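Here is the structure we will look at.
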Amino acid sequence: MWQISNADLDGNPLKFLTGFQKLPNGNFLISNWLGHGKLGTAPHLMEVTRGKKIIWTFADHKNVKAIGSIHVFNDDGKPTEAKGRH
């Protein structure tokens, strides 16, 4: 079993995880809800490797208050699927 917590990441970016998706490259896309007094305190979205390294984050606290969930689709409109073991 794989798990992640703020102890694994610099800056304690995880607040309230509301969704995740395993991407075809094996990384995880995580949506981070910033309600309950956490508005503006962390990224809304982040891609994290299995080795627990943050690849990129999205934070637009001016235009977006909170994101509850996200899902990535292919160019043909079909949901992406992780290959191999889940």
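Quick note: the coordinates plus some simple rules give every number you see, no bench work behind them. Remember, predicted model here, so these are calculated numbers, not experimental data. Here Cβ is always computed from backbone atoms with ideal geometry, including for glycine, and neighbour counts include all displayed protein chains.
What to note about this one:
- Of the residues W56, W33, I4, the one whose Cα sits farthest towards the positive end of the charge dipole of the chain is I4 (charges of +1 on Lys and Arg Cβ, -1 on Asp and Glu Cβ, taken about the Cα centre).
- Karplus-derived HN-Hα couplings along the range 52-65 (A = 6.51, B = -1.76, C = 1.60, θ = phi - 60°), whole Hz, x at Gly and Pro: 6, 9, 6, 8, 7, 9, 10, 8, 10, 6, 6, 9, 10, 7
- For the chain, a Kirkwood hydrodynamic radius built from all Cα pairs, placed in the Stokes-Einstein relation at 20 °C and 1.002 mPa s, yields a translational diffusion coefficient of 158 µm²/s.
- Over all other residues within a Cβ to Cβ distance under 13 Å of L14, the charged ones net out to +1, with Lys and Arg as +1 and Asp and Glu as -1.
- Phi to ³J(HN,Hα) by Karplus 6.51 cos²θ - 1.76 cosθ + 1.60 over the range 42-48, Hz, x for Gly, Pro: 7, x, 6, 9, 7, 9, 10
- Fully extending the segment from E81 to N63, taken as 0.36 nm per residue of separation minus the present Cα-Cα distance, adds 3.5 nm.
- The chain, relative contact order in percent, only Cα pairs under 8 angstrom and at least six apart counted: 27
- Both radii are taken from the alpha-carbon atoms of the range 12-58; with Rh as the Kirkwood radius, Rg/Rh is 0.98.
- Candidate lysines for bridging to K78, where Cα separation is under 29 Å - those fewer than 8 sequence places away on the same chain excluded: K22, K52, K53, K65
- Chain lengthening between T41 and S5 when straightened (0.36 nm per residue, less Cα-Cα): 11.3 nm
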